[in-house]
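See structure below.
The values are calculated or read from the model by the stated rules, or taken from the named source; none is laboratory data. On a predicted model such as this, the values are computed, not experimentally measured, just so you know. Note: ideal-geometry Cβ built from the backbone for every residue, glycine included; neighbour counts use all protein chains shown. Side chains included, ligands, DNA and RNA excluded: accessible areas come from the protein's heavy atoms. Shrake-Rupley method; radii C 1.70, N 1.55, O 1.52, S 1.80 Å.
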Amino acid sequence: MGHAKTSFVCLPCRASYKQAYLDITRERLCPRCARVMIHAGSAFAPPRRHDAAAWRVLSVLLNAGIGFHKSCCGGPGWRPRTLREVKARAGYARRTGEPMARALLRYELPAP
């Protein structure tokens with residue numbers, strides 16, 4: 001029986017690699033460019049390499065510390081998928097002082 005897998009992402013290369021979930025604290029280097037990859041989680045599904053907007057959204061999420069980890073109920077939960085959703089939540093975070101990572105995970109934004 002093999003080890004559980006988790007995804008590591010190289011944003012500049014727009015690449016994702018599934019690797020054994022042995023030691024996620026160990027730095028993983030991209031096989032294409034040798035930069036340090038970001039741990040995205042075991043429930044991560046990468047966008048297509050040519051989908052620049054999806055990779056920009058993913059970049060915001062991963063750089064905010066939001067991963068795609070399985071929960072007790074299955075998947076990672078709701079994540080913004082469009083730049084419009086990201087911009088709306090970033091504006092909400094600026095207006096309210098809510099941490100960006102928390103605002104990005106809001107399915108709906110409260111009415112103004």
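A few remarks follow.
- For the residues Arg49, Arg95, Arg84, Arg106, a 1.4 Å probe over the protein chains yields an accessible-area ranking, largest first, of Arg84, Arg95, Arg49, Arg106.
- Count Lys and Arg as plus one, Asp and Glu as minus one, and take only other residues whose Cβ is under 15 Å from that of Arg14; the net charge is then +4.
- For the range 10-112, the set of GluC sites (Glu not before Pro) satisfying both a DSSP loop assignment and a count of at most 13 other C-beta atoms within 10 Å is given as Glu27, Glu108.
- Within a Gaussian network of the chain (alpha carbon springs, distance under 10 Å), most fluctuating of Arg94, Arg26, Arg48: Arg26
- Answer label for Rg and Dmax of the Cα atoms in Å (calculated), chosen among [x] 14.6, 47; [y] 14.8, 50; [z] 15.0, 52: [z]
- Nearest-ten-degree value, helix 52-63 long axis tilted from longest Cα axis of the chain: 90
- Magnitude of the charge dipole, the chain, Cβ model with Lys/Arg +1 and Asp/Glu -1, debye to 20: 280
- Crossing angle, helix 83-96 versus the chain [Cα axis fit, 0-90 degrees, rounded to tens]: 60
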